[in-house]
Structures are given as C-alpha cells and as structure tokens.
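Peer 1: I'd like to ask you about the structure that follows.
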Amino acid sequence: MIHEQSIREILTSLDNKQYSCRELVDHFIARASDADPNLNAFITDTYASARNEADHMDKLRSNGTAPPLAGIPIAHKDIFCTRGVKTTAGSLMLDNFVAPYDATVVEKLSAAGTISIGKTNMDEFAMGSSNENSHYGPVKNPWSEKAVPGGSSGGSAAAVSARLCVAATGTDTGGSIRQPASMCGITGIKPTYGRISRWGMIAYASSLDQAGPMTKSAEDAAILLNVMAGYDEKDSTSANQTVPDYTQSLNQPLKGLKLGFCKEYFGDGLDPKIETAIQTALRQFEAQGAEIVEVSLPSSKHAIPAYYVIAPAEASANLSRYDGVRYGYRCEDPVDLEDLYKRSRSEGLGDEVKQRIMVGSFALSAGYYDAYYKKAQQIRRLIKNDFAQAFEQVDLIIGPTTPSTAFSLGEKTSDPISMYLQDIYTITSNLAGLPAGSFPVGMEAGLPFGLQIIGNYFDEGRILNLAHQFQLESDWHRLTPEATT
Ligand code: GLN
C-alpha cells in the first residue's frame with residue numbers, strides 16, 4: 001500500500017512512474033477526507049493547493065528539474081505560519097488569522113518539493129499533553145477512539161499514525177513531539193535547541209521551543225531533518241553550524257556505542273510493561289554491540305516544577321501581543337481601550353492559556369522573581385550539569401518517553417498535576433536544550449508506547465542511528481491502527 005511506504009520507497013516509485021505525484025497526493029487526500037471527520041486531526045485542509053502543487057511537481061519530474069522530495073505529502077502543525085492559509089495555533093484568538101508569510105520550516109520543506117495537505121490540530125498555543133485544549137476540539141487517538149493522541153502536536157501524530165500523510169511537522173517545548181509520537185506509535189525527534197529555525201513558528205516559551213519531524217521511521221525523520229535543520233539569519237537563536245547528512249549516520253554499526261541507563265527513570269510511576277519493553281530493547285542494543293552503562297540524573301526530579309515556572313513566565317511575555325488591536329480576535333463594541341484588551345483576551349484565550357499567563361506573570365513579578373523564576377533557572381542549570389556529567393560517560397541516554405500509554409479523553413482534564421506529570425521524562429532535554437527522540441518500542445492493551453533516546457548537543461545523527469538500527473530488527477514502527485488500514 002502506498003501509505004505504508006517509506007519516503008525512500010515513494011521516491012523510487014515516483015521515479016519508476018508507478019504513480020504520479022498527483023495520484024500520490026490524491027491517495028492521501030482520499031484517506032484524510034475519509035478519516036478526519038472522526039479523528040479531527042486537521043484544523044484546515046489545503047487539498048486544492050496540494051493538488052495544484054502535485055501537478056506542478058509532476059511537470060518538474062518529467063523535465064528533470066524536480067527538487068529532492070518532490071511530491072511527498074506532509075502536514076504542518078497549525079503553529080507554523082503558512083502564507084495565505086489560516087494559522088490558528090489551536091486558538092480562537094487566531095481563528096481569523098491568515099499568515100502573510102511562511103515560517104522558515106515551511107519554506108524549506110516546500111522548496112524541497114514536499115506538499116502540505118493541511119494544518120494539524122494542536123493544544124492551544126502548544127500548551128497541553130492531550131490535545132484537549134484545542135479551540136477546535138480534541139483529536140482522537142487512531143489506536144482507540146476513547147484515548148487521547150497526546151499533545152500538543154496531537155493532530156500531527158494522529159495524522160501520521162493513521163497514514164493520512166507521510167510525515168508532519170511538530171514542535172516540542174516540554175515533550176510535544178515525543179509524547180504524542182509515543183502515544184500514537186510513531187517516530188518523532190526534537191533536535192538540539194537552535195538546530196531548526198523558529199522563525200514563523202508561533203512562540204510559546206522561546207528558550208524551550210524547537211521544531212522537529214514526526215514520521216513513521218527514523219530513516220524518514222533523517223530525510224526530513226536534513227531539510228528542516230540549519231542556520232537562519234531571521235532567528236538569532238538558530239545555530240550557525242553545518243548540518244550533516246543525517247541519512248549517512250543511519251547505518252553506523254552500534255559496536256562500541258555507550259548507552260546510559262538512567263536509574264531515576266525507572267521506578268515509581270512507570271508502567272512496568274514499558275520498563276520491560278525498554279529492557280528488551282537494551283538487550284537488543286547489547287546484542288548489536290552497544291555497551292550499557294548506568295548513569296544518574298539526580299536533578300530530574302525537580303524538572304516539572306522548574307518547567308512550570310519557566311514556560312509560563314515566557315508564555316506570559318510572548319502572549320502579551322494578542323491584545324485585540326493589531327490582529328487576531330477582537331471583542332464586540334469595546335467601550336474603551338482597557339475594555340478592548342480585557343474582553344478580547346478573556347474571550348479569545350482558553351482556560352489553560354489564561355491560567356499559565358497568570359502563573360507566569362506572578363512568577364516574574366517583583367518580590368516573587370527570586371523565589372520562583374530565579375530558583376527555576378538555577379534548577380535548569382543543575383539539570384544541564386547532570387547531563388554534562390552523564391555525557392562524559394556515555395554517548396546516548398535511554399529511557400521511557402511517557403509513564404504510561406495514552407490515557408482516556410477527559411481522564412486528566414480536571415487534574416492539572418497528573419496532566420503535567422505526563423512530561424516527566426521529556427521536559428529535562430528541553431530545559432538543557434538537548435536533542436531527544438521517541439521511537440515505538442511496544443504495545444499494551446492495543447495502545448503503543450515509545451522509547452526515548454537523548455543525545456548530546458547536535459548529536460541527532462547518533463540518536464537516529466540507534467533508532468534506525470533498532471527499526472531494522474523490529475516491527476513496532478510498522479504497526480498501523482486497524483481502523484485505518
Ligand atoms: N505538556 C507541556 C506543556 O503543556 C509541553 C507542551 C509542549 O511541548 N509544547 O507545556
């Protein structure tokens with residue numbers, strides 16, 4: 001089936017004229033039109049422009065001038081600005097916002113020939129772990145109608161998992177690529193902070209936000225990362241470092257690779273089935289020549305409280321631009337400017353977003369800054385130091401992505417702490433700025449879960465190498481939810 005093919009296989013089929021770009025795109029559009037009324041993975045579809053682009057790519061293919069990924073159907077998380085296409089960040093605040101320009105990620109992926117079939121659903125302003133905070137309604141997990149897909153890139157994860165597109169973009173501030181990837185049984189990588197330009201990506205917490213690919217396999221992720229990564233003069237935090245060809249490192253033998261087993265990740269709170277599956281994967285890595293070394297990350301336990309001070313603090317500053325004046329939602333008939341600000345923000349933003357703006361403003365206010373914000377930054381430094389020490393001993397660190405498989409819709413909406421704990425294993429790499437990926441490693445009661453691989457700065461290639469070697473020997477990443485086969 002076309003939708004089970006890898007990017008490499010699709011490109012070969014296109015080269016051999018087994019189908020055209022137009023047929024390829026139509027195939028995915030048909031799947032998306034069929035499945036999405038139920039899944040709700042998309043906020044906006046761009047089927048009409050996708051068909052035109054596919055025809056154009058067919059022309060370029062026939063005259064030999066096609067870009068490298070010509071015709072590959074993808075989708076963009078609705079946090080990336082797309083010129084002429086509604087860009088909402090999952091919020092009523094931006095329901096009427098049509099972006100006047102493309103984000104760098106979008107521009108690079110279209111220049112490479114990929115074709116976007118739509119904008120995917122997400123938690124409002126990327127705040128959430130279940131995709132239940134979207135103004136456009138929750139996304140369903142393709143593996144079970146009753147389960148959440150994870151968040152905040154839940155629409156992207158569900159769309160790739162249900163094979164409605166070949167790959168999708170996501171963003172990860174505290175786990176939003178890896179956690180939904182784990183819960184939907186797909187591959188997702190959050191690169192090193194600065195590896196991919198944030199220009200045109202609607203900001204949540206600027207020192208933590210990073211874009212990345214969400215795909216079926218590590219090989220597909222390497223192909224997309226090659227396109228997405230790189231310095232961008234429009235983003236002063238983007239790293240001015242050459243981008244290696246990530247597909248080149250996929251086939252390195254694992255012999256001599258040192259893998260860190262972090263003891264703090266295993267124990268209370270982790271589903272024992274997930275622990276067993278990770279142990280099995282570790283044995284497989286050993287059989288392939290890797291060495292397992294125990295490491296310790298003692299400050300990890302403080303990551304959640306530190307994150308939930310830093311991220312809201314940055315969000316409170318970033319979201320101050322939504323004031324009803326320049327763009328976005330504006331309340332009806334304001335009596336004066338203050339009323340305009342107050343009502344536009346009260347009506348246009350959802351509860352979780354408002355809660356975080358309040359927490360963030362509080363943490364930054366005079367008198368509380370030292371007690372909360374400064375403390376949180378100190379914890380952030382301790383976490384970074386822990387990783388630096390661990391990476392003196394090992395090349396990669398292995399752990400779970402999430403404490404459990406996907407939970408039920410509605411199960412945690414009234415319990416923010418238990419929702420926030422979903423990111424207990426993912427948040428530390430954002431705080432330290434390290435790259436980390438999630439790769440399917442098992443199933444429990446019909447729901448998938450992932451293995452997390454954390455690497456040293458700019459070592460995305462090694463993460464993908466390990467994941468690819470695992471995927472050569474296992475089939476977890478090939479499993480497809482039954483409802484969508
Ligand atoms: N769940 C975390 C939060 O709500 C992380 C979200 C993200 O990575 N964008 O902030």
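The values are calculated or read from the model by the stated rules, or taken from the named source; none is laboratory data. It should be emphasised that the depicted structure is a prediction, and the values quoted were computed from it without experimental measurement. Ideal geometry is used to build each Cβ from the backbone, glycine not excepted, and the neighbour counts take in all protein chains shown.
Peer 1: Tell me the residue from Ala315, Ala303, Ala281, Ala277 that is more than 25 Å from Val98 (Cβ to Cβ) and within 16 Å of the ligand (Cβ to nearest atom), please.
Peer 2: After ruling out the rest, the residue left standing is Ala303.
Peer 1: Now for a separate question. Run Asp220 past the list (1) more than 16 Å from the ligand (Cβ to nearest atom); (2) assigned to a loop (DSSP other than H, G, I, E, B) and report the number of the one that doesn't hold.
Peer 2: (2)
Peer 1: Given the conditions (1) under 20 Å from the mean Cα position of the chain (by Cα); (2) crowded, with 16+ Cβ neighbours inside 10 Å; (3) modelled with pLDDT of 95 or more, and given that Arg478 satisfies all but one, which numbered condition is not satisfied?
Peer 2: (2)
Peer 1: To continue, here is another question. Can you list the helices (runs of 4 or more DSSP H) lying wholly within the stretch 104-204 that have 1 or more residues being more than 16 Å from the ligand (Cβ to nearest atom) and in contact (Cβ under 8 Å) with a residue 12 or more places away in the chain?
Peer 2: Fully inside the stretch 104-204 and qualifying: 104-111, 154-161.
Peer 1: Which of the residues that make up the stretch 179-192 are surrounded by 24 or more Cβ atoms within 10 Å (Cβ to Cβ) and more than 14 Å from Ser161 (Cβ to Cβ)?
Peer 2: Answer for the stretch 179-192, where residues must be surrounded by 24 or more Cβ atoms within 10 Å (Cβ to Cβ) and more than 14 Å from Ser161 (Cβ to Cβ): Ile189, Lys190, Pro191.
Peer 1: Kindly indicate whether Lys342 is free of Cβ contacts under 8 Å to residues at least 40 places away in the same chain, over 26 Å from Pro435 (Cα atoms) and within 16 Å of the ligand (Cβ to nearest atom).
Peer 2: no
Peer 1: Do you know which residues across the stretch 242-275 are assigned to a helix (DSSP H, G or I) and among the hydroxyl-bearing types (Ser, Thr, Tyr)?
Peer 2: Residues satisfying the conditions are Tyr246, Thr247, Ser249, Tyr265.
Peer 1: While we're here: Return the residues of the stretch 105-132 that are out of contact with any strand residue (DSSP E or B) (no Cβ under 8 Å at 6 or more places or on another chain) and closer than 20 Å to Thr215 by Cβ; say none if nothing qualifies.
Peer 2: Glu107, Lys108, Ala111, Ala112, Gly113, Asn131
Peer 1: Tell me, which residue of the stretch 225-242 that is in contact (Cβ under 8 Å) with a residue 24 or more places away in the chain and either of a type in the set (Val, Ile, Thr) or within 23 Å of Ile398 (Cα to Cα) (or both) is surrounded by the most Cβ atoms within 10 Å (Cβ to Cβ)?
Peer 2: Looking at residues that are in contact (Cβ under 8 Å) with a residue 24 or more places away in the chain and either of a type in the set (Val, Ile, Thr) or within 23 Å of Ile398 (Cα to Cα) (or both), I get Leu225.
Peer 1: Out of (1) farther than 23 Å from Leu208 by Cβ; (2) out of contact with any Cys (no Cβ under 9 Å at 6 or more places or on another chain), the odd one out for Ile79 is which?
Peer 2: Ile79 satisfies all of (1) farther than 23 Å from Leu208 by Cβ; (2) out of contact with any Cys (no Cβ under 9 Å at 6 or more places or on another chain) except (1).
Peer 1: All but one of (1) part of a loop (DSSP other than H, G, I, E, B); (2) within 22 Å of Ala390 (Cα to Cα); (3) at pLDDT 95 or above hold for Ala239, so report the exception by its number.
Peer 2: The single condition Ala239 does not satisfy is (2).
Okay, residues lined up against (1) surrounded by 24 or more Cβ atoms within 10 Å (Cβ to Cβ); (2) of a type in the set (Gly, Ala, Ser); (3) within 22 Å of Gln5 (Cα to Cα); (4) touching a His at 6+ places or on another chain (Cβ under 7 Å):
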position	(1), (2), (3), (4)
Thr46	no, no, no, no
Leu69	yes, no, yes, no
Tyr101	no, no, no, no
Gly128	yes, yes, no, no
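Peer 1: OK, next. Cβ-Cβ distance below 7 Å, separation of 6 or more or different chains: which pairs start in the stretch 413-432 with a residue that is outside any helix (DSSP H, G or I) and end on one that is within 8 Å of the ligand (Cβ to nearest atom)?
Peer 2: Hits for this filter: Thr426/Gly174; Thr426/Gly175; Thr426/Gln179.
Peer 1: Turning to a different aspect of this structure: Within the stretch 249-262, is even one residue surrounded by 21 or more Cβ atoms within 10 Å (Cβ to Cβ) and either closer than 26 Å to Ser206 by Cβ or within 16 Å of the ligand (Cβ to nearest atom) (or both)?
Peer 2: no
Peer 1: Search the stretch 21-71 for residues being polar (S, T, N, Q) and in contact with a strand residue (DSSP E or B) (Cβ under 6 Å, 6 or more places away or on another chain), and hand back the single one that is farthest from Val227 (Cα to Cα).
Peer 2: Of everything passing the filter in the stretch 21-71, Thr44 is farthest from Val227 (Cα to Cα).
Peer 1: Here are some residues: Gly433, Gly410. Which one is surrounded by fewer than 24 Cβ atoms within 10 Å (Cβ to Cβ) and either closer than 19 Å to Ile310 by Cβ or within 12 Å of the ligand (Cβ to nearest atom) (or both)?
Peer 2: Of Gly433, Gly410, the one residue that is surrounded by fewer than 24 Cβ atoms within 10 Å (Cβ to Cβ) and either closer than 19 Å to Ile310 by Cβ or within 12 Å of the ligand (Cβ to nearest atom) (or both) is Gly433.
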